[in-house]
Amino acid sequence: MNSRSIFNRIFPPACLLCGEPTGRSPCPACEADLPWHRAPQCPVCAIPAPDNQVCGRCLRHPPAFDRTVAALIYRFPLDRLIPRLKYRSQLAIAPLLGDCLLQTLAAAPRPDCLIPMPLHPARLRERGFNHASEIARRVSHQLGVPLALDLCQRVRDTPPQMSLKGDERRRNLRKAFSCVGDVRNRHIALLDDVMTTGTSLDELATTLKRAGAREVSCWVVARALPGAS
């Protein structure tokens, strides 16, 4: 038994949500209280929809991606956890989020590779890491799906999407990505922390489809929903 195992037996790791030394994070009680996204939903964009039917928006304006799997609804405590990972470098949160996403992927079609949402090099230098990549490492390892960190690049350093509205978001991300590898006839899964309008994922999926990808799935930790709190 190594020193880390001995330490963990004496001082069990604390739950990142409640702080209790339960040996796992989240602890069973906190895990049960998470806002799991289990309501009937559109299979394309994961917005609530009766009988799991494709929603009106996706019927009128089909996105470039083919389906979305979302583990949780973006509300408390996700609205605290994810910013702590992204902006305060609390990297221990990434495996927790990855494990939440893994719970929803049992029936999801397995892709040929997994691409985390790319950061522009300037943003990556500033932050020091890509939070989507950190979550993706956990998912890739557990599922045995190859992680493709260099297949796509963000070639435009765009302003944050959160301050923009629908049409502005689309204009902001136009030609923001490039595909630098061979994706012809491949099924690609894109991983991101939060899906709000889906504009970023749609633009990246568009880039991949133009490069010849056969199928694009979106795997997101949390889905922002209208009126969710």
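No value in this document is a laboratory result; all are computed from the given coordinates. Computed from a predicted model, the values in this text were never measured in an experiment. Backbone-built Cβ (ideal geometry, glycine too); neighbour counts: all protein chains shown.
Taking the conditions (1) closer than 22 Å to Ala205 by Cα; (2) out of contact with any strand residue (DSSP E or B) (no Cβ under 8 Å at 6 or more places or on another chain) in turn, Ile47 satisfies each one other than (2). Scanning the range 56-112 for residues that are in a loop (DSSP other than H, G, I, E, B), over 20 Å from Phe129 (Cα atoms), out of contact with any Lys or Arg (no Cβ under 9 Å at 6 or more places or on another chain) and of a type in the set (A, V, I, L, M, F, W, C) turns up Phe76, Leu105, Ala106, Ala107.
Taken over the range 55-78, residues that are of a type outside the set (Lys, Arg), more than 21 Å from Leu204 (Cβ to Cβ) and surrounded by fewer than 17 Cβ atoms within 10 Å (Cβ to Cβ) amount to 3. Scanning the range 140-154 for any residue that is over 22 Å from Arg186 (Cα atoms) and surrounded by 15 or more Cβ atoms within 10 Å (Cβ to Cβ) turns up nothing. Only residues that are of a type in the set (Val, Ile, Thr) and either exposed (fewer than 14 other Cβ atoms within 10 Å of the Cβ) or within 18 Å of Thr104 (Cβ to Cβ) (or both) were counted in the range 115-139, giving 2. Selection of the range 128-154 for residues being part of a loop (DSSP other than H, G, I, E, B), hydrophobic (A, V, I, L, M, F, W, C) and farther than 15 Å from Pro118 by Cβ yields only Val145. Scanning the range 76-83 turns up no residue that is over 23 Å from Ile188 (Cα atoms), aliphatic (A, V, I, L, M) and in contact with a Cys (Cβ under 6 Å, 6 or more places away or on another chain). Scanning the range 23-38 for residues that are loosely packed, with under 13 Cβ neighbours inside 10 Å and hydrophobic (A, V, I, L, M, F, W, C) returns Ala29, Ala32. Residues of the range 54-70 being in contact with a helix residue (DSSP H, G or I) (Cβ under 9 Å, 6 or more places away or on another chain) and farther than 13 Å from Leu225 by Cβ, which ones? Of everything in the range 54-70, those that are in contact with a helix residue (DSSP H, G or I) (Cβ under 9 Å, 6 or more places away or on another chain) and farther than 13 Å from Leu225 by Cβ turn out to be Pro63, Ala64, Phe65, Asp66, Val69. Applying the criterion of being of a type in the set (S, T, N, Q) and in a helix (DSSP H, G or I) to the residues of the range 197-229, the residue that is surrounded by the most Cβ atoms within 10 Å (Cβ to Cβ) is Ser200. Applying the condition of being in contact with a strand residue (DSSP E or B) (Cβ under 6 Å, 6 or more places away or on another chain) and farther than 20 Å from Leu97 by Cα to the range 181-196 and asking which residue is surrounded by the most Cβ atoms within 10 Å (Cβ to Cβ) yields Ile188. Under 7 Å by Cβ, and 6 or more places apart or on different chains, what pairs join a residue from the range 38-59 that is under 17 Å from Ala107 (Cα atoms) with one that is of a type in the set (Val, Ile, Thr) and surrounded by fewer than 17 Cβ atoms within 10 Å (Cβ to Cβ)? Hits for this filter: Cys42/Val54; Pro43/Val54; Val44/Val54.
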